[in-house]
Amino acid sequence: MGMEGIGARVARKEDKRFLTGKGRYTDDMIVPGMKFAYFVRSPHAHARITGIDVSAAKAMPGVIDVLDGKQLQADGIGNLICGWMIHSKDGSPMKMGAWRPLAVDTVRYVGDAVAIVVADTAAEARDAAEAVVVDYDELPAVTTSLAALGEGAPQIHPEAPGNLIFDWQIGDGAATDAAIASAAHVTEIEIHNNRLSPNPMEPRATLGIYDSAEDHFTCYTTSQNPHVARLVMSAFYNVAPENKLRVIAPDVGGGFGSKIYIYPEEIVCLWASKKTGVPVKWTSDRTEAFLTDAHGRDHVSKVKMAFDKDHRIIGLKVDTIANLGAYMSLFSSAVPTYLYATLLSGQYAIPAIHANVRTVYTNTVPVDAYRGAGRPEATYLLERTMETAARELGISPAELRRKNFIRSFPYQTPVIMNYDAGDYEASLSAAMQAADWDGFPARRAQSEARGKKRGIGMSCYIEACGIAPSQAVGSLGAGVGLWESAEVRVNAVGTIEVLTGSHSHGQGHETTFAQLVADRLGVPIASVNIVHGDTDKVQMGMGTYGSRSGAVGMSAIVKALDKVEMKAKKIAAHLMEADESDIVIENGELKVAGTDKSLPWFQVALAAYTAHNLPAGMEPGLKEGAFYDPSNFTFPAGCYIAEVEVDPETGKTEILQFVAADDFGNIINPLIVEGQVHGGLAQGIGQALLEEVRYDEATGQILTASYMDYAMPRADDLPSFTLSHQNTPCPGNPLGIKGCGEAGAIGSPPALINAITDAIGINDLTMPATPLKVWSALQGSSMRMAAE
Amino acid sequence: MAKVTLTVNGRTMSGECDDRTLLVHFIREKLGLTGTHVGCDTTQCGACVVHMDGRSVKSCSILAVQASGSTVTTIEGIAAQGELHPVQAAFNQHHGLQCGFCTPGMVMTAVDMIARHGGALDEATVRHELEGNICRCTGYHNIVKAVLSANEEMHGAARQAAE
């Protein structure tokens, strides 16, 4: 490892522009003639539209036009799609209702877009939107998945009777039932996974620019995957053919999944730009973000875990209902199926697993991937069940986990996944040591002496990252391949541009990807530029989500670098009259091994472009591209331990320590990896203690649509974290990388709830464990105790 | 319409705006200084923090006309001649930013916090005083480290100068 190569703790190259106010986000873009959009949205959770009158709005100051869904439909703009086909267990395809970019006859959630107002200023557009008169016939609404499946529930889409989208299963039901029937002990638990709003700090925004001379569209957007956005808008929404549509995702202020999807606003602003003849910019406000950014999680599950007399797990049966909201978002069908149920083996050897998943329409914001996407749901379910089982069986949580760990690899689970490498014992031991697990009883006694209740809890997580082998996901219903692309362009002076289909919205690719090049070629990272986020620059890419940019995106760069190196070595061998196989690249030079002959990197690059003296038949130039399709998922894993103190007077939980021990495979930049874990932990702790999207069940109104009502984790809600790594390199990709982006959010919620339930001695507690909920649980228990 | 005149980052700037225009929108749209961000509608997130007459304020909570005549420093104004301010440098060194969206507000809050406490900062105080700045990326761990480190550097430098 060089000073800036793989493994080096390099401060980020991209920081300076963010630190000096020079970041360029979508809302910062200003183009000549630009006008502003405001969306008229449904105030009702479920209603028929009986009329839209825009005449008063059109007469308002500054208004250029007001456009509605009928006009959009008449222009042939398509409905939104779901990119992953799931079939129910009876073989029928999922029952998908139409999602129009602007509603035409029915609105299905509060925030459903009905019309767009374009005006000279954002304030004028907002004023005019108030003057758009939409007549609604209100319909009864339903917000919870259980109620939506109930007898007589309001029907949300005619295509999905009973609001059931699909009824899917995985695993061996008969074998699992048999295991449960023969078990020495069965732990049964009901698990709720709370509904969350991803809340990247940059609200979504888009700027649609139509150029009538070229019949060409440009879309600036807050996207994690601009190429997928272009593909989908071109192929399905009929906005424009791909060669007439440029999508640019400039600096993007966080995503966490919510910026994967192509939302109505991008499509409508592009269309409106053509209709009005002016560039149209829309920027979400925070309330609009709560109303329209895809939410995450919202599962209700029943679990049975069967043990033999030696406390080995012999079967796991799961019945899950997932709330997908009012419409099927882009990956909404994959999240509660192949990203969730395939991880239900956890870190454990479980011979029989069966999961049934029903997905349900409700009159709520569409639900899709949020940091972890399915894997937090699986981990929370498993690790709460393991903790409950340990308490029921009267053995230590660590012992129960150790007894059931998978210890030899590769390991084929009963739910598709083939784990390639791992050492679960190592992270468990490291976490317990770092947390001084053995010293806990003494610390608990100290807390007790102060009238506080102290608890400790652990969670052993696994996730599948680096999505994904294209053929495999294709066979499971994915509409796209999940490879990644890269192009390495060596300039004539030896500096380098790397074009990548990955997209950085906080992950630090401009630094880590440059570190890879520095490692390979011995050039400083300052001479390497990473280009991403523009479909006119990078030909094609699949974007950043599912912790895939290291494992998949960087693997594509490795492949391209291999080709560049091969050509550079040929040129160097020719110039130094040496054998190609004797050329080595070290410290920015191409050397003839075992001699003092060498050429600096820039000279070889220059020779490639002057082309005065190249090997016979060689093309000039030094630029190579590659596509990398992974052979398997990667499997980051680890153990998290939380220690908490609960004040029984108030129910408030204080986190005394939080330990994370992770196996991410090889690490490119520890500074950035630690940052990813910190951020994930904060989101997981937020889910466990603070965050929940709430709806009024009677009216379908969202009750948590601002930071006054939705509790975001603040600095004083969180502790400093204790991190360590126990890395087993991933055998499946050239850099041995597993991925680190989501682990923190996956592993932390069960560790915390296990700790709090340990502290209060009551196992039945749902997230978020607010002071009110914890205090009420304690009151209930003391009332029960008093009665006994 | 109202005429607003401000001294921003050392330069006097004027512009016309609606009476209802917020300072943050005036700074972003009329003055073209887009480093100051809008992350919420309710004065919670702190992405819009600037310094007005030497105090940190949320520029989404002040009308531009209220600010007229005042001296404002934005994130664009704290690095001297391309040299990062010690707080900016500490955020870089300690990886106190990821997506960068909350960063301008965080830095402006931190500069003010360090100045107000005259060097006497600890982790609990930093965490408490960051209550009005929300970050979704970093989990605050490295932001807290960066603020404490910058505080140490600036206070240490001041101490040395005094000696």
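Per-residue answers, yes or no, for (1) in contact (Cβ under 8 Å) with a residue 24 or more places away in the chain; (2) outside any loop (DSSP other than H, G, I, E, B):
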residue	(1), (2)
A:A430	yes, yes
A:D438	no, yes
A:M458	yes, yes
A:V480	yes, no
A:R489	yes, yes
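Residues in region A:641-656 that are within 13 Å of chain B (Cβ to nearest Cβ) and not charged (D, E, K, R): A:I655 only. Conditions first: (1) more than 19 Å from A:A160 (Cα to Cα); (2) surrounded by 24 or more Cβ atoms within 10 Å (Cβ to Cβ); (3) free of Cβ contacts under 8 Å to residues at least 60 places away in the same chain; (4) of a type outside the set (K, R). A:P336 passes all but one, so which condition is the exception? Result: A:P336 passes all but (1). Out of all the residues in region B:57-68, is one or more under 17 Å from the mean Cα position of the chain (by Cα), in contact (Cβ under 8 Å) with a residue 24 or more places away in the chain and not assigned by TED's automatic domain parsing to the domain that holds B:G10? Scanning region B:57-68 turns up no residue that is under 17 Å from the mean Cα position of the chain (by Cα), in contact (Cβ under 8 Å) with a residue 24 or more places away in the chain and not assigned by TED's automatic domain parsing to the domain that holds B:G10. Listed conditions (1) in the same structural domain as A:A434 (by TED's automatic domain parsing); (2) out of contact with any Asp or Glu (no Cβ under 7 Å at 6 or more places or on another chain); (3) surrounded by 23 or more Cβ atoms within 10 Å (Cβ to Cβ) are all met by A:L671, apart from (3). Can you pull out the residues in region A:681-716 that are charged (D, E, K, R) and more than 23 Å from the chain's Cα centre (by Cα)? Correct list: A:D696, A:E697, A:D709, A:D716.
Give the residue that is surrounded by the fewest Cβ atoms within 10 Å (Cβ to Cβ), with candidates limited to residues of region A:172-200 that are touching a His at 6+ places or on another chain (Cβ under 9 Å) and farther than 30 Å from A:E692 by Cβ. The residue in question is A:A174. The single condition among (1) farther than 30 Å from A:A11 by Cβ; (2) surrounded by fewer than 24 Cβ atoms within 10 Å (Cβ to Cβ) that A:E624 does not meet is (1).
For region A:120-132, check the following and say yes or no: at least one residue is crowded, with 24+ Cβ neighbours inside 10 Å, outside the structural domain of A:D285 (by TED's automatic domain parsing) and not in a loop (DSSP other than H, G, I, E, B). Looking for residues that are crowded, with 24+ Cβ neighbours inside 10 Å, outside the structural domain of A:D285 (by TED's automatic domain parsing) and not in a loop (DSSP other than H, G, I, E, B), one finds none in region A:120-132, hence no.
For residues in region A:10-31 being in contact (Cβ under 8 Å) with a residue 60 or more places away in the chain and over 16 Å from B:I75 (Cβ atoms), which is farthest from the other protein chains (Cβ to nearest Cβ)? This residue is A:V31.
Restricting attention to region B:34-50, which residues are assigned to a loop (DSSP other than H, G, I, E, B), touching a residue at least 12 places away in the same chain (Cβ under 8 Å) and buried (at least 21 other Cβ atoms within 10 Å of the Cβ)? Across region B:34-50, the qualifying residues are B:G35, B:T36, B:H37, B:V38, B:G39, B:C40, B:Q44, B:C45, B:G46, B:A47, B:C48.
Residues in region A:486-510 that are surrounded by 24 or more Cβ atoms within 10 Å (Cβ to Cβ) and hydroxyl-bearing (S, T, Y): A:T500, A:S502, A:S504. Being away from chain B (no Cβ under 14 Å), touching a residue at least 60 places away in the same chain (Cβ under 8 Å) and over 28 Å from A:V646 (Cα atoms) narrows it down to one of A:G741, A:G732, so name that one. On inspection, the qualifying residue turns out to be A:G732. Of the helices (runs of 4 or more DSSP H) lying entirely inside region B:69-163, the ones with 3 or more residues being more than 7 Å from chain A (Cβ to nearest Cβ) and buried (at least 24 other Cβ atoms within 10 Å of the Cβ) are found at B:103-117, B:141-162. Filtered by the rule that a residue be away from every other protein chain (no Cβ under 11 Å), closer than 25 Å to A:A373 by Cβ and among the hydrophobic types (A, V, I, L, M, F, W, C), region A:681-702 gives A:A688, A:L689, A:L690, A:V693, A:I702.
For region A:277-318, residues that are of a type in the set (K, R) and assigned to a strand (DSSP E or B) total 5. Within region B:28-62, the set of residues being more than 10 Å from chain A (Cβ to nearest Cβ) and in contact with a Ser or Thr (Cβ under 7 Å, 6 or more places away or on another chain) comprises B:C48, B:V49, B:V50, B:H51, B:M52, B:D53, B:S56, B:K58, B:S59, B:C60, B:S61. Of the strands (runs of 3 or more DSSP E) that lie entirely inside region A:190-252, those containing 1 or more residues that are within 14 Å of another protein chain (Cβ to nearest Cβ) and not polar (S, T, N, Q) span A:205-211, A:216-221.
In this entry, A:G686 passes the filter for residues that are under 18 Å from A:Y380 (Cα atoms) and crowded, with 24+ Cβ neighbours inside 10 Å.
When A:A435, A:A398, A:A430, A:A373 are checked against the criterion of being under 21 Å from A:K302 (Cα atoms) and modelled with pLDDT of 95 or more, a single residue qualifies: A:A373. Among the conditions (1) within 30 Å of B:G105 (Cβ to Cβ); (2) away from chain B (no Cβ under 14 Å); (3) touching a Cys at 6+ places or on another chain (Cβ under 9 Å); (4) not aliphatic (A, V, I, L, M), A:W99 misses just one, which is (1). Of all the numbered requirements in (1) more than 12 Å from every other protein chain (Cβ to nearest Cβ); (2) in contact with a helix residue (DSSP H, G or I) (Cβ under 6 Å, 6 or more places away or on another chain); (3) crowded, with 24+ Cβ neighbours inside 10 Å, A:G665 misses one, and that requirement is (2).
From the list A:P713, A:P719, A:P750, the one residue that fits, being within 14 Å of chain B (Cβ to nearest Cβ) and touching a strand residue (DSSP E or B) at 6+ places or on another chain (Cβ under 6 Å), is A:P719. Just one of (1) in a helix (DSSP H, G or I); (2) more than 17 Å from A:G638 (Cβ to Cβ) trips up A:V415, so point out which. Going through the list (1) in a helix (DSSP H, G or I); (2) more than 17 Å from A:G638 (Cβ to Cβ), A:V415 breaks only (1). Is it true that some residue in region A:65-75 is of a type in the set (A, V, I, L, M), at pLDDT 95 or above and surrounded by fewer than 20 Cβ atoms within 10 Å (Cβ to Cβ)? The answer is yes, given that some residue of region A:65-75 is of a type in the set (A, V, I, L, M), at pLDDT 95 or above and surrounded by fewer than 20 Cβ atoms within 10 Å (Cβ to Cβ).
The values are calculated or read from the model by the stated rules, or taken from the named source; none is laboratory data. Source: prediction; values computed, not measured. Cβ coordinates were reconstructed from backbone atoms using ideal geometry, including for glycine residues, and neighbour counts include every protein chain displayed.
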